[in-house]
């Protein structure tokens, strides 16, 4: 499932190439024909991501809400910006190998690599540059729920969990129900709200981090990595954690999310050499501490990583370092 950094990056693509432009909205698949009709011929005025939710505002006062869920993806085509730090799903590195393990170490990659080029880019959990666009607009590929088309760019949505047209009050109700997002919510209020959400619950911290009403944007990968980095036992009740520990957890989430937005990768290991960093960009196996490492030795202590199912999702952790 795409986690928070992916949705923020998708939102930035819309901000760069669609906001301020009139779009032709359609539903090649047919399942969103009524919704597309409400948006067709109107101008996108804003693009906003909160956690795993994307909101596009139109000049008629309506919003398009999209939650990609497990299988959703946006395909962008035409004169779009392909991120220079992006690694494709099969491990090929993009145009440059910019380092991004230090927050703020480089410019915002989606806006600093020069002019857009006519290409096709899939954005979901992984980002993948596909074949160049030879005709525009391209033919829809697969079951496209909604197509948003300008004179130079095209965005096709496939396989989302949620895709609906909402009024502003309906959008606000959804946003109000979500936990804080480090990218969009102001500090220190966001951090304080996260601390309060965790401390009022007896629920294990591993479940709280996956609860969108507690905190926005964290999925299975970031959950496992944050808990390991904090050396937290996943079953610890939220209310039993010290305030210092919870605040440190929030600040680490903010750090990792910022890195993810900048690099396009869930890079969760620090202090890597140049060789290690390039390997991590090319392979998920080399960029995480514990995620998807069942039965492999912990990178710190050598104890075998374990996995259990918690609320239907796989949780990876080190039974020694997180005891």
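Key figures for this structure:
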{"read-out": "Among (1) under 29 Å from residue 180 (Cα atoms); (2) free of Cβ contacts under 8 Å to residues at least 40 places away in the same chain, the one test that residue 62 misses", "value": "(2)"}
{"read-out": "Number of positions in segment 213-224 that are assigned to a loop (DSSP other than H, G, I, E, B), under 13 Å from the mean Cα position of the chain (by Cα) and over 15 Å from residue 251 (Cβ atoms)", "value": "2"}
{"read-out": "Residue in segment 308-321 that is crowded, with 17+ Cβ neighbours inside 10 Å, assigned to a helix (DSSP H, G or I) and within 23 Å of the chain's Cα centre (by Cα) present", "value": "no"}
{"read-out": "From the options 230, 279, residue that is in contact with a helix residue (DSSP H, G or I) (Cβ under 6 Å, 6 or more places away or on another chain), surrounded by fewer than 21 Cβ atoms within 10 Å (Cβ to Cβ), assigned by TED's automatic domain parsing to the domain that holds residue 191 and more than 30 Å from residue 177 (Cβ to Cβ)", "value": "279"}
{"read-out": "Verdict on residue 273 being at pLDDT below 95 and either under 15 Å from residue 218 (Cβ atoms) or out of contact with any strand residue (DSSP E or B) (no Cβ under 6 Å at 6 or more places or on another chain) (or both)", "value": "yes"}
{"read-out": "Qualifying positions in segment 301-312 - more than 24 Å from residue 207 (Cβ to Cβ) and in contact with a helix residue (DSSP H, G or I) (Cβ under 9 Å, 6 or more places away or on another chain)", "value": "none"}
{"read-out": "Residues located in segment 15-24, provided they are touching a residue at least 60 places away in the same chain (Cβ under 8 Å) and surrounded by fewer than 22 Cβ atoms within 10 Å (Cβ to Cβ)", "value": "16, 21, 22, 24"}
{"read-out": "Residue 193, sole failed condition from (1) surrounded by fewer than 17 Cβ atoms within 10 Å (Cβ to Cβ); (2) not in a helix (DSSP H, G or I)", "value": "(2)"}
{"read-out": "Test: residue in segment 245-256 that is surrounded by 15 or more Cβ atoms within 10 Å (Cβ to Cβ) and more than 19 Å from residue 187 (Cβ to Cβ)", "value": "no"}
{"read-out": "Some residue of segment 264-287 being part of a strand (DSSP E or B) and without any contact (Cβ under 8 Å) to a residue 24 or more places away in the chain", "value": "no"}
{"read-out": "Residues of segment 54-76 satisfying the condition of being more than 17 Å from residue 44 (Cα to Cα) and in contact with a strand residue (DSSP E or B) (Cβ under 6 Å, 6 or more places away or on another chain)", "value": "67, 73, 75"}
{"read-out": "Residue 260 vs. criteria out of contact with any strand residue (DSSP E or B) (no Cβ under 9 Å at 6 or more places or on another chain), modelled with pLDDT under 95 and buried (at least 19 other Cβ atoms within 10 Å of the Cβ)", "value": "yes"}
{"read-out": "Exclusive hit being out of contact with any strand residue (DSSP E or B) (no Cβ under 9 Å at 6 or more places or on another chain) and assigned to a helix (DSSP H, G or I), set 227, 249", "value": "249"}
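The values are calculated or read from the model by the stated rules, or taken from the named source; none is laboratory data. None of these values were measured; they are calculated from a predicted model. Glycine gets a Cβ as well: all are built from the backbone with ideal geometry, and neighbour counts include every protein chain shown.
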